[in-house]
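The values are calculated or read from the model by the stated rules, or taken from the named source; none is laboratory data. Bear in mind the structure is a predicted one, so any value in this text is a computation, not a measurement. In this analysis, Cβ positions are derived from the backbone assuming ideal geometry, glycine residues included, and neighbour counts consider all displayed protein chains.
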Amino acid sequence: MKKPDVSLFFPCVSDEKTVEIVATKAIAVLKEVAADYEVIIVDDGSPDRSGEIADRLARGNPAISVVHHPRNLGYGAAIKSGFAKARCEWICFTDETTSTMSAIFTN
């Protein structure tokens, strides 16, 4: 069976302690299950360093991109921005939690 191309995105607000963990886990899972992939981090106006960390990750990995909201626009706007940025045939999103990342693709 041919592996799909997958866009995975997640919104983050005040998640400076976990955004790198989630992005790294997403890349690891996508390497296994996708032919081509991207990870999109939607920084929904985080007041902490979440956006800065996401930008650093994107600079270090071309499969990661970041959408920045100038202020917190809410969960729905973050989801809408993630879908708008996604370029692959399969699109999925998750809340920023490492416990569900593997389950997205293995079940």
With the first residue restricted to segment 49-61 and required to be more than 18 Å from TYR37 (Cβ to Cβ), and the second required to be of a type in the set (S, T, N, Q) and not in a helix (DSSP H, G or I), Cβ contacts under 7 Å at 6 or more apart or on different chains are SER50/SER14
A careful count of residues in segment 17-41 that are touching a Lys or Arg at 6+ places or on another chain (Cβ under 8 Å) and under 19 Å from LEU73 (Cβ atoms) gives 1
Considering segment 45-62, residues that are among the aliphatic types (A, V, I, L, M) and crowded, with 18+ Cβ neighbours inside 10 Å, and then whichever is farthest from the chain's Cα centre (by Cα), we arrive at ILE53
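Considering only the chain, give the strands (runs of 3 or more DSSP E) lying wholly within it that have at least 1 residues that are out of contact with any helix residue (DSSP H, G or I) (no Cβ under 7 Å at 6 or more places or on another chain), of a type in the set (D, E, K, R) and at pLDDT 95 or above.
Passing ranges, in order: 5-12, 36-44.
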All-but-one check, VAL42 against (1) more than 13 Å from ASP95 (Cα to Cα); (2) free of Cβ contacts under 8 Å to residues at least 60 places away in the same chain; (3) buried (at least 18 other Cβ atoms within 10 Å of the Cβ); (4) touching a strand residue (DSSP E or B) at 6+ places or on another chain (Cβ under 8 Å), failing number (1)
Residue hits (segment 1-39; among the hydroxyl-bearing types (Ser, Thr, Tyr) and either buried (at least 20 other Cβ atoms within 10 Å of the Cβ) or closer than 15 Å to ALA86 by Cα (or both)) are SER7, TYR37
